[in-house]
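A.B. asks: Just dropping this structure here.
The values are calculated or read from the model by the stated rules, or taken from the named source; none is laboratory data. Note that this is a predicted model, so its numbers are computed, not measured. Glycine also receives a Cβ, built like all others from the backbone with ideal geometry; neighbour counts cover every protein chain displayed. Each accessible area value is taken on the protein alone, full model and side chains, heavy atoms only, with ligands, DNA and RNA left out. Shrake-Rupley method; radii C 1.70, N 1.55, O 1.52, S 1.80 Å.
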Amino acid sequence: MYDRFNRKINYLRISVTDRCNLRCTYCMPAEGIKMLHHSEILSFDEITEVTKMAVSMGVDKVRITGGEPLVRKGIVDLIKMLAAIQGINDLAMTTNGIFLNKFAKPLAEAGLHRVNISLDTLDPEKYTNITRVGKIEDALRGIEAAKQAGLSPIKINCVITKSSDEPDAQMVKKFCETNGLHVRFIPQMNLETGDFGIVEGGEGGNCKICNRIRLTSEGKIMPCLFSNLGYSIKELGVKKALELAIGNKPRSGSVNHINHFNNIGG
Ligand code: SF4
(Lines give C-alpha, C1' and ligand atoms only; values in the text may rest on other atoms or scores of the structure.)
Protein backbone atom coordinates (compact mmCIF):
# COMPACT_ATOMS: atom_id res chain seq x y z
CA MET A 1 0.00 0.00 0.00
CA TYR A 2 1.66 3.26 -1.14
CA ASP A 3 0.35 6.79 -0.80
CA ARG A 4 0.53 9.59 -3.41
CA PHE A 5 4.10 10.38 -2.32
CA ASN A 6 5.24 6.80 -2.80
CA ARG A 7 5.53 6.16 0.94
CA LYS A 8 4.85 2.57 1.95
CA ILE A 9 2.06 2.63 4.54
CA ASN A 10 2.47 -0.52 6.64
CA TYR A 11 1.91 0.76 10.20
CA LEU A 12 -1.45 1.06 11.98
CA ARG A 13 -1.63 2.77 15.38
CA ILE A 14 -4.82 1.91 17.24
CA SER A 15 -6.18 4.06 20.07
CA VAL A 16 -8.35 1.69 22.13
CA THR A 17 -9.57 4.32 24.64
CA ASP A 18 -9.50 8.06 25.26
CA ARG A 19 -9.20 7.47 29.01
CA CYS A 20 -6.08 7.54 31.11
CA ASN A 21 -5.14 7.07 34.74
CA LEU A 22 -2.59 9.90 34.52
CA ARG A 23 -2.93 13.62 33.63
CA CYS A 24 0.37 14.49 31.99
CA THR A 25 0.77 18.25 31.69
CA TYR A 26 1.70 18.14 27.97
CA CYS A 27 -1.20 15.85 27.07
CA MET A 28 -4.24 16.68 29.13
CA PRO A 29 -5.51 19.62 31.17
CA ALA A 30 -5.68 18.95 34.94
CA GLU A 31 -9.49 18.72 34.83
CA GLY A 32 -9.26 16.18 32.05
CA ILE A 33 -11.12 16.26 28.77
CA LYS A 34 -14.74 15.39 27.97
CA MET A 35 -14.57 11.65 27.47
CA LEU A 36 -16.36 9.70 24.77
CA HIS A 37 -19.42 7.74 25.90
CA HIS A 38 -18.70 4.02 26.11
CA SER A 39 -21.21 3.38 23.33
CA GLU A 40 -19.07 5.47 20.95
CA ILE A 41 -15.91 3.42 21.58
CA LEU A 42 -15.13 0.64 19.07
CA SER A 43 -15.70 -2.93 20.23
CA PHE A 44 -12.89 -5.48 20.05
CA ASP A 45 -14.64 -7.11 17.07
CA GLU A 46 -14.71 -3.77 15.22
CA ILE A 47 -11.03 -3.09 15.99
CA THR A 48 -10.13 -6.61 14.81
CA GLU A 49 -12.14 -6.16 11.61
CA VAL A 50 -10.32 -2.90 10.78
CA THR A 51 -6.96 -4.50 11.55
CA LYS A 52 -7.69 -7.54 9.37
CA MET A 53 -8.67 -5.28 6.46
CA ALA A 54 -5.58 -3.08 6.98
CA VAL A 55 -3.35 -6.17 7.03
CA SER A 56 -4.94 -7.40 3.79
CA MET A 57 -3.99 -3.99 2.33
CA GLY A 58 -0.33 -4.19 3.42
CA VAL A 59 -0.10 -3.31 7.13
CA ASP A 60 2.30 -5.57 9.05
CA LYS A 61 3.05 -3.40 12.07
CA VAL A 62 0.38 -2.63 14.69
CA ARG A 63 0.67 -0.53 17.84
CA ILE A 64 -1.92 -0.30 20.63
CA THR A 65 -2.21 3.14 22.25
CA GLY A 66 -4.76 5.20 24.15
CA GLY A 67 -5.19 7.35 26.34
CA GLU A 68 -3.75 4.54 28.41
CA PRO A 69 -4.54 1.14 26.79
CA LEU A 70 -4.24 -0.77 30.09
CA VAL A 71 -7.32 0.98 31.47
CA ARG A 72 -9.44 -0.61 28.71
CA LYS A 73 -11.29 -3.58 30.26
CA GLY A 74 -10.39 -6.92 28.63
CA ILE A 75 -7.28 -5.52 26.88
CA VAL A 76 -5.55 -8.92 27.10
CA ASP A 77 -8.41 -10.47 25.10
CA LEU A 78 -7.99 -7.84 22.38
CA ILE A 79 -4.27 -8.61 22.14
CA LYS A 80 -5.16 -12.30 21.76
CA MET A 81 -7.57 -11.44 18.89
CA LEU A 82 -5.01 -9.24 17.10
CA ALA A 83 -2.14 -11.69 17.63
CA ALA A 84 -4.23 -14.31 15.80
CA ILE A 85 -4.26 -12.23 12.61
CA GLN A 86 -1.80 -13.65 10.05
CA GLY A 87 0.55 -11.06 8.58
CA ILE A 88 1.27 -8.91 11.67
CA ASN A 89 5.04 -9.10 12.16
CA ASP A 90 5.21 -6.51 14.92
CA LEU A 91 2.53 -6.14 17.63
CA ALA A 92 3.48 -3.45 20.13
CA MET A 93 1.91 -1.26 22.82
CA THR A 94 2.61 2.21 24.18
CA THR A 95 1.78 2.51 27.89
CA ASN A 96 2.61 4.68 30.87
CA GLY A 97 3.58 1.42 32.60
CA ILE A 98 1.66 2.04 35.82
CA PHE A 99 -0.42 -1.18 35.42
CA LEU A 100 2.27 -3.23 33.66
CA ASN A 101 3.26 -4.97 36.88
CA LYS A 102 -0.16 -6.68 36.70
CA PHE A 103 -0.51 -7.05 32.91
CA ALA A 104 2.98 -7.67 31.45
CA LYS A 105 2.91 -11.47 31.76
CA PRO A 106 -0.68 -12.03 30.48
CA LEU A 107 -0.03 -9.59 27.59
CA ALA A 108 3.12 -11.46 26.57
CA GLU A 109 1.29 -14.79 26.80
CA ALA A 110 -1.54 -13.32 24.68
CA GLY A 111 0.96 -12.54 21.90
CA LEU A 112 2.16 -8.97 22.49
CA HIS A 113 5.76 -8.62 21.22
CA ARG A 114 7.05 -5.45 22.82
CA VAL A 115 6.25 -2.24 24.71
CA ASN A 116 7.14 1.43 24.75
CA ILE A 117 6.90 2.89 28.25
CA SER A 118 6.70 6.61 29.04
CA LEU A 119 9.37 7.95 31.42
CA ASP A 120 10.44 11.63 31.26
CA THR A 121 12.50 11.78 34.47
CA LEU A 122 13.98 9.63 37.23
CA ASP A 123 13.16 12.28 39.84
CA PRO A 124 10.11 11.06 41.84
CA GLU A 125 8.85 14.56 42.59
CA LYS A 126 9.20 15.76 39.00
CA TYR A 127 7.50 12.55 37.80
CA THR A 128 4.48 13.31 40.00
CA ASN A 129 4.47 16.94 38.84
CA ILE A 130 4.55 15.96 35.15
CA THR A 131 1.89 13.22 35.49
CA ARG A 132 -0.05 15.11 38.14
CA VAL A 133 -1.07 11.86 39.89
CA GLY A 134 1.53 9.20 39.10
CA LYS A 135 4.15 7.54 41.33
CA ILE A 136 7.44 6.70 39.65
CA GLU A 137 7.78 3.45 41.65
CA ASP A 138 4.79 2.05 39.79
CA ALA A 139 6.30 2.86 36.37
CA LEU A 140 9.68 1.38 37.38
CA ARG A 141 7.95 -1.78 38.65
CA GLY A 142 6.15 -1.94 35.29
CA ILE A 143 9.44 -1.76 33.40
CA GLU A 144 10.85 -4.61 35.52
CA ALA A 145 7.69 -6.70 34.96
CA ALA A 146 7.96 -6.15 31.18
CA LYS A 147 11.53 -7.43 31.30
CA GLN A 148 10.53 -10.48 33.36
CA ALA A 149 7.69 -11.22 30.94
CA GLY A 150 10.12 -11.26 28.01
CA LEU A 151 8.56 -8.33 26.17
CA SER A 152 11.38 -7.14 23.93
CA PRO A 153 12.78 -4.76 22.98
CA ILE A 154 11.58 -2.38 25.70
CA LYS A 155 11.71 1.20 24.51
CA ILE A 156 11.47 4.21 26.81
CA ASN A 157 9.57 7.24 25.47
CA CYS A 158 11.10 10.33 27.05
CA VAL A 159 9.38 13.62 26.25
CA ILE A 160 11.83 16.53 26.06
CA THR A 161 11.18 20.26 26.07
CA LYS A 162 13.95 21.34 23.69
CA SER A 163 16.86 18.89 23.60
CA SER A 164 17.98 15.45 24.75
CA ASP A 165 20.86 17.21 26.51
CA GLU A 166 18.41 18.29 29.22
CA PRO A 167 19.42 16.86 32.65
CA ASP A 168 16.29 14.70 33.02
CA ALA A 169 16.73 13.28 29.51
CA GLN A 170 20.38 12.46 30.25
CA MET A 171 19.33 10.72 33.51
CA VAL A 172 16.78 8.62 31.60
CA LYS A 173 19.40 7.82 28.94
CA LYS A 174 21.86 6.57 31.60
CA PHE A 175 19.08 4.53 33.24
CA CYS A 176 18.31 2.89 29.88
CA GLU A 177 21.96 2.12 29.16
CA THR A 178 22.29 0.50 32.60
CA ASN A 179 19.12 -1.54 32.19
CA GLY A 180 19.36 -2.66 28.56
CA LEU A 181 16.49 -0.43 27.45
CA HIS A 182 16.24 1.69 24.26
CA VAL A 183 15.55 5.39 24.80
CA ARG A 184 13.63 7.57 22.36
CA PHE A 185 13.45 11.31 22.84
CA ILE A 186 10.12 12.82 21.75
CA PRO A 187 9.97 16.60 21.33
CA GLN A 188 6.93 18.09 23.03
CA MET A 189 4.19 18.46 20.42
CA ASN A 190 1.23 20.81 20.07
CA LEU A 191 -1.59 19.75 17.77
CA GLU A 192 -3.16 23.17 17.65
CA THR A 193 -0.04 25.09 16.71
CA GLY A 194 1.46 22.30 14.63
CA ASP A 195 4.63 22.12 16.72
CA PHE A 196 6.32 18.76 16.32
CA GLY A 197 9.75 17.35 15.62
CA ILE A 198 11.48 14.13 14.63
CA VAL A 199 11.74 11.50 17.37
CA GLU A 200 15.38 10.97 18.34
CA GLY A 201 16.03 7.23 18.30
CA GLY A 202 12.81 6.54 16.38
CA GLU A 203 10.97 7.32 13.13
CA GLY A 204 8.07 9.43 14.33
CA GLY A 205 7.72 12.98 13.10
CA ASN A 206 9.72 12.36 9.90
CA CYS A 207 7.08 13.11 7.26
CA LYS A 208 9.33 12.17 4.32
CA ILE A 209 9.33 8.52 5.37
CA CYS A 210 6.03 8.41 7.25
CA ASN A 211 4.50 4.93 7.08
CA ARG A 212 1.59 5.30 9.48
CA ILE A 213 -2.12 5.78 9.77
CA ARG A 214 -4.18 5.86 12.95
CA LEU A 215 -7.49 4.42 14.13
CA THR A 216 -9.12 6.53 16.83
CA SER A 217 -11.12 4.97 19.65
CA GLU A 218 -14.42 6.13 18.12
CA GLY A 219 -13.62 4.68 14.72
CA LYS A 220 -11.97 7.31 12.53
CA ILE A 221 -9.01 6.49 10.29
CA MET A 222 -6.60 9.43 10.52
CA PRO A 223 -3.97 9.70 7.72
CA CYS A 224 -1.80 12.04 9.77
CA LEU A 225 -1.43 13.15 13.41
CA PHE A 226 -1.10 16.80 12.37
CA SER A 227 -4.13 17.03 10.10
CA ASN A 228 -7.89 17.50 10.54
CA LEU A 229 -8.60 14.70 8.05
CA GLY A 230 -10.44 11.66 9.42
CA TYR A 231 -12.57 8.96 7.76
CA SER A 232 -15.28 7.22 9.76
CA ILE A 233 -15.50 3.46 9.39
CA LYS A 234 -19.09 3.69 10.73
CA GLU A 235 -20.15 6.05 7.91
CA LEU A 236 -17.97 4.83 5.04
CA GLY A 237 -17.28 1.21 5.86
CA VAL A 238 -13.84 -0.12 6.80
CA LYS A 239 -12.30 -0.60 3.33
CA LYS A 240 -13.46 2.77 1.95
CA ALA A 241 -12.30 4.64 5.08
CA LEU A 242 -8.83 3.03 4.84
CA GLU A 243 -8.55 3.74 1.11
CA LEU A 244 -9.58 7.39 1.54
CA ALA A 245 -7.17 7.89 4.45
CA ILE A 246 -4.21 6.55 2.48
CA GLY A 247 -5.29 8.21 -0.76
CA ASN A 248 -5.54 11.61 0.97
CA LYS A 249 -2.55 11.30 3.32
CA PRO A 250 -0.88 14.75 3.31
CA ARG A 251 2.77 15.12 2.24
CA SER A 252 3.53 16.49 5.72
CA GLY A 253 1.78 17.44 8.94
CA SER A 254 0.34 20.89 9.62
CA VAL A 255 -2.19 21.31 12.47
CA ASN A 256 -4.92 19.25 14.10
CA HIS A 257 -7.84 21.18 15.56
CA ILE A 258 -10.20 18.27 16.09
CA ASN A 259 -8.28 15.79 18.20
CA HIS A 260 -6.50 15.64 21.52
CA PHE A 261 -3.52 13.39 22.17
CA ASN A 262 -5.64 11.24 24.49
CA ASN A 263 -8.02 10.18 21.71
CA ILE A 264 -5.54 9.79 18.89
CA GLY A 265 -2.76 8.08 20.77
CA GLY A 266 0.16 10.40 19.87
S1 SF4 B 1 3.05 14.73 10.93
FE2 SF4 B 1 1.79 13.35 9.74
S3 SF4 B 1 2.99 12.88 7.91
FE4 SF4 B 1 4.37 13.78 9.40
S5 SF4 B 1 5.29 12.05 10.44
FE6 SF4 B 1 3.50 12.68 11.65
S7 SF4 B 1 1.81 11.45 10.91
FE8 SF4 B 1 3.45 11.30 9.41
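A.B. asks: Using the Cα gyration tensor of the range 205-266, with a ≥ b ≥ c the square roots of its eigenvalues, what is the shape: rounded (a/c below 1.5), prolate (a/b larger than b/c) or oblate (neither)?
C.D. replies: oblate
A.B. asks: Need one value: the accessible area of residue 37 in square angstrom, 1.4 angstrom probe, rounded to the nearest 10.
C.D. replies: Using a 1.4 Å probe on the heavy atoms, I get roughly 120 Å².
A.B. asks: Along the charge dipole of the chain, which of 12, 181, 226 sits closest to the positive end, that is, farthest toward it, with unit charges on the beta carbon of Lys, Arg, Asp and Glu (+1, +1, -1, -1)?
C.D. replies: Positive-most Cα among the choices belongs to 12.
A.B. asks: Which value, in debye to the nearest 20, describes the size of the charge dipole of the chain about its Cα centre when Lys and Arg Cβ atoms bear +1, Asp and Glu Cβ atoms bear -1, and nothing else is charged?
C.D. replies: Roughly 540 debye for the chain.
A.B. asks: Quickly estimate the mean residue ellipticity at 222 nm for the chain, helices only: each DSSP H run with n ≥ 4 gives -39500 (n - 2.57), and the total goes over all residues, rounded to 500.
C.D. replies: Here the helix-only value at 222 nm equals -9500 deg cm²/dmol.
A.B. asks: Further question: Which ³J(HN,Hα) values in Hz, rounded to whole numbers, follow from the phi angles of the range 93-104 under the Karplus curve 6.51 cos²θ - 1.76 cosθ + 1.60, where θ = phi - 60° and Gly and Pro get x?
C.D. replies: So the J values, rounded to whole Hz, are 9, 10, 9, 7, x, 4, 9, 5, 4, 7, 9, 3.
A.B. asks: Among the lysines, which fall within straight-line cross-link reach of residue 234, defined as a Cα-Cα distance under 28 Å, with same-chain neighbours fewer than 8 residues apart omitted?
C.D. replies: List returned: 8, 34, 52, 61, 73, 80, 220, 249.
A.B. asks: Quick one: accessible surface of residue 102, probe radius 1.4 Å, all protein chains present, in square angstrom to the nearest 10.
C.D. replies: Around 150 Å² of this residue is reachable by solvent.
A.B. asks: Restricting to the range 11-264, what percent of DSSP beta bridges are antiparallel, rounded to 5?
C.D. replies: Antiparallel: roughly 20 percent of the beta bridges in the range 11-264.
A.B. asks: Indicate, rounded to the nearest 5 percent, the antiparallel portion of the DSSP beta bridges found entirely in the range 159-244.
C.D. replies: Restricted to the range 159-244, the bridges split so that about 75 percent are antiparallel.
A.B. asks: Here's another thing I want to ask about it. Which lysines, on any chain, are close to residue 147 with Cα under 19 Å apart, when same-chain ones fewer than 8 places away are left out?
C.D. replies: The reachable lysines, counting only those whose Cα sits under 19 Å from residue 147, are 102, 105, 155, 173, 174.
A.B. asks: Okay, moving on. By the 4.7 Å beta carbon criterion, which cysteine residues of the chain come out unpaired?
C.D. replies: Those would be 20, 158, 176, 207, 210, 224, since no other cysteine Cβ in the chain comes under 4.7 Å of theirs.
A.B. asks: Show the residues, 5+ positions off or on another chain, whose built amide H is closer than 5 Å to the amide H of residue 13.
C.D. replies: 63, 213, 214, 215
A.B. asks: Measure off 7 Å from each Cα along the Cα-to-Cβ vector at residue 1 and residue 90, then give the distance between these two points in nanometres to one decimal.
C.D. replies: Taking the simple label geometry, residue 1 and residue 90 are separated by 1.6 nm.
A.B. asks: Another question, if that's okay. Show me, for the range 26-32, the HN-Hα J-couplings you get by feeding each phi into the Karplus relation (A = 6.51, B = -1.76, C = 1.60, θ = phi - 60°), rounded to Hz, glycine and proline as x.
C.D. replies: 8, 10, 9, x, 3, 7, x
A.B. asks: Could you please report the charge total around residue 31, scoring K, R as +1 and D, E as -1 over all other residues with beta-carbon less than 11 angstrom from its beta-carbon?
C.D. replies: +3
A.B. asks: With the crude spin-label approximation of a point 7 Å out along Cα→Cβ, what separation in nm comes out for residue 57 versus residue 21?
C.D. replies: For the pair residue 57/residue 21, the computed spacing is 3.4 nm.
A.B. asks: Can you list residues from other chains, or at least 5 along the same chain, whose modelled amide H is less than 5 Å from the amide H of residue 183?
C.D. replies: Here 156 satisfy the definition.
A.B. asks: Still on this structure, please answer the following. Taking Cα atoms, how many degrees apart are the long axis of helix 238-247 and the longest axis of the chain, rounded to 10 and kept between 0 and 90?
C.D. replies: That helix lies at roughly 80 degrees to the long axis.
A.B. asks: Mind listing the phi-derived Karplus ³J(HN,Hα) values for the range 65-70, rounded to whole Hz, using 6.51, -1.76 and 1.60 with θ = phi - 60°, and x for any glycine or proline?
C.D. replies: Result, ordered by residue: 9, x, x, 10, x, 6 Hz.
A.B. asks: Shifting gears a bit: Using the alpha-carbon atoms, what tilt in degrees (0 to 90, nearest 10) does helix 44-56 show relative to the longest principal axis of the chain?
C.D. replies: On a 0 to 90 degree scale, this one is about 70.
A.B. asks: Follow-up question, since we're still on this one. Once amide H atoms are placed 1.01 Å from N in the peptide plane, what residues at a sequence separation of 5 or more from residue 160, or on another chain, have their amide H within under 5 Å of its amide H?
C.D. replies: 186, 188
A.B. asks: For 50, 133, 183, what's the largest-to-smallest order of accessible area, 1.4 Å probe?
C.D. replies: My answer, sorted largest first, is 133, 183, 50.
A.B. asks: Related question: Which angle from 0 to 90°, rounded to the nearest 10, does the C-alpha axis of helix 136-149 make with the longest principal axis of the chain?
C.D. replies: 70
A.B. asks: What range in the chain is the longest one free of chymotrypsin sites (Phe, Trp or Tyr not before Pro) that are in a loop by DSSP and have at most 16 other Cβ atoms within 10 angstrom?
C.D. replies: In the chain, the maximal stretch lacking such sites is 27-266.
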